[in-house]
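One structure is given below, encoded as structure tokens.
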Amino acid sequence: MSLNKINKVFGPPGAGKTTFLLNKVEEELAADVSSRKIGYFAFTRKAANEAKERAMQKFPHLDAKTDFPYFRTLHSLAFQCLAVRAEDIMNAEHYREFASQAGLDLKIAMDEEVAIAKPDSPILNEINIARIKGLDLKKHYNQSNLSIDWHHFEYIERSYRHYKSARNLLDFTDMLERIVAEPHNLPELDVLIIDEAQDLSRLQWQMVEELTLRAKRVWIAGDDDQAIFTWAGADVGSFLGFAGEVHVLEQSYRVPAAVHRLANQIIQRVKERQPKEWKAREFEGSVQSYRRFEDVAINEGQWLIMATTNYMLNPIHEWLKSNGILFERNGVSSISPSIIRSVQDWERLRKGMPISYESVKTIYRLLGPDGVARGHKTFKSGDPDKSYVMEELKEHHGLQVDTIWHEALEKLSDDKKTYLVSILRRGTRITDQARIRLSTIHAAKGGEADNVLLLLDTSPKFSLEASQNPDTANRLFYVGITRAKQALHLVLPQRVEKGFVI
């Protein structure tokens, strides 16, 4: 294999790595390379779809469904190339049946791209990590300090294999293992692009190696300094060790100079990394430290507030609510959208405006016992195809109140009403996008904000892991720090021995 066809792109925070790769796609398409001979594989479906959408904007004659068969995740490619059927894959009912037989508690999510169920169980997750790392189960168990009895752990793994075998079923990882064992099914491409490479597992890297053998030109991009998912099986060593010509994107379009200096100070502590020089944008910015998060003035501007562990955000969550500040936590608004709609719909009624049948039904469920006459609570007399104004509801459908929303909607809890009233008194429109977001650092990767507030406290478990592998902690806080576009606000650890040292 000739190494000059392989390019490794290292993109520091805000350096436009994905834009660089999308430009490569455009260059290839402009040179009359068929879109069917370009593979763009990303760790997440969102990144792969972004590449496809941008290519279509530039080349509108191409069709999303037929002209881009290889813009997808590696899991999805395995599903496609193996030509497995949906009925061959473990689905939600299978997982529930196995969990019942094995005595496991689990939650189930769905991968929408390939409609595959993804179980969330501590034991099954650890078994899967051993598989994607290519580790013997006992070796993974011994390395991971799991609070699970070995015999039970091994029993679950063996039972899971037997369950799938007896029913001729595959799971996500089975597909990767099978495509690596049967690589002749993989496509031969003119151009192979791998994005988010620092997040790939060892098993996925084996798949990338096979794809590389079949490609004419290869671009593998990521940032080893932002490899923060090693706990979930990501293999940054394979990225660093993959042979190819190195390209470093040298200009960040996000990180200001003050934040850049601190970030470099931290990342230099990492022992296993690709050396790289990159420039901050031409803006000084600021870095400030505080003893308490309450001392940070967050009344204006866009904010991203982060911690290493979700429960550490709870005090800030409660403080924001008690002060009537609208926010999002892990992508979920601090006020339920359904409550916002009900308040808006009720006030529309009071202004003489019509609302839909379904909106009336929702409001009726929130009215107090004296709000709707007996026999009308379920709005059975309503017509699903009609809209309604307050006068008609009063005259024909049992409505008996017309007071302001926080008096009429009695079924809303007092704390929700108090919080919503506090938000409105601040002059905040409840339909506005929240200017404050709460998130773990892991969940915020790829995000950014003008102002970043970062808690330097760490959990006992994280502190133990960081003492054993300092690179993990340094990379994680490097990612958190480099989300800031203007100002970084650091809240010092409440106990020095339980926090990250800047």
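Quick note: the coordinates plus some simple rules give every number you see, no bench work behind them. Since we're looking at a predicted model, the values are computed, not measured. Every residue, glycine among them, receives a Cβ derived from its backbone with ideal geometry; neighbour counts consider all protein chains shown.
Can you classify region 205-267 as rounded, prolate or oblate using the Cα gyration tensor, where a ≥ b ≥ c are the square roots of its eigenvalues, rounded means a/c under 1.5, and otherwise it's prolate if a/b beats b/c and oblate if not?
Numbers: a/c = 3.22, a/b = 1.73, b/c = 1.86.
Oblate.
Per-peptide packing, taken as the mean over residues of other Cβ atoms within 10 Å, places 269-277, 328-336 in the sequence 328-336, 269-277 from highest down. In sequence order, region 120-126 has phi-based couplings of 10, 9, x, 6, 4, 5, 5 Hz under the Karplus curve 6.51 cos²θ - 1.76 cosθ + 1.60, θ = phi - 60°, and Gly or Pro positions carry x. Helix 92-102 and the long axis of the chain differ in direction by around 80°, with both axes built from C-alpha atoms. Projecting the Cα positions of Leu104, Pro493, Ile340 onto the charge dipole of the chain (unit charges on Cβ atoms of Lys, Arg, Asp and Glu, taken about the Cα centre) puts Pro493 furthest along the positive direction. The dipole here belongs to region 389-502: it is taken about the Cα centre, uses +1 on the Cβ of Lys and Arg and -1 on the Cβ of Asp and Glu, and is about 600 debye. For Asp450, the residues 5 or more places off, or on other chains, whose built amide H falls under 5 Å of its own are Gln302, Lys485. Remark on Arg329: its backbone amide H falls under 5 Å from those of Ser334, Leu438, a criterion applied only to residues 5 or more positions apart or on other chains, H modelled at 1.01 Å from N. Backbone phi angles across region 180-189, fed through the Karplus curve with coefficients 6.51, -1.76 and 1.60 (θ = phi - 60°), yield HN-Hα couplings of 5, 6, 10, x, 4, 7, 6, x, 9, 10 Hz in residue order; Gly and Pro are listed as x.
In loop segments of region 410-502 as defined by DSSP, the trypsin sites (Lys or Arg not before Pro) with at most 15 further C-beta atoms inside 10 Å of their C-beta are Lys411, Arg426, Arg429, Arg495. Across region 205-222, rounded Karplus estimates of 3J(HN,Hα) from the backbone phi angles (6.51 cos²θ - 1.76 cosθ + 1.60, θ = phi - 60°) give 5, 5, 5, 4, 4, 5, 5, 4, 4, 9, 10, 7, 10, 10, 10, 10, 10, x Hz, Gly and Pro being marked x. Between Ile89 and Leu170, the built amide H atoms are under 5 Å apart, and every one of these is 5 or more places off in sequence or on another chain.
Let me know the shape class of region 269-315, please: from the alpha-carbon gyration tensor, a ≥ b ≥ c as square roots of the eigenvalues, rounded when a/c is under 1.5, otherwise prolate if a/b is greater than b/c, or oblate. All intermediate terms of the calculation are to be shown ahead of the outcome.
Numbers: a/c = 2.64, a/b = 1.44, b/c = 1.84.
Verdict is oblate for region 269-315.
Sorted on the mean count of surrounding Cβ atoms within 10 Å across their residues, most packed first, peptides 157-163, 451-457, 220-226 read 220-226, 451-457, 157-163.
Mind putting a number on the dipole of the chain about its Cα centre? Charges go on the C-beta only, +1 for Lys and Arg and -1 for Asp and Glu, and I need it in Debye to the nearest 20. Mind dumping the intermediate values first?
Working: 68 positive and 69 negative charges, 119 e Å.
Computed about the Cα centre, the dipole is about 580 debye.
With a threshold of 20 Å on the Cα-Cα distance, the over-threshold entries among Lys351/Lys394; Lys118/Lys164; Lys133/Lys498 are Lys133/Lys498.
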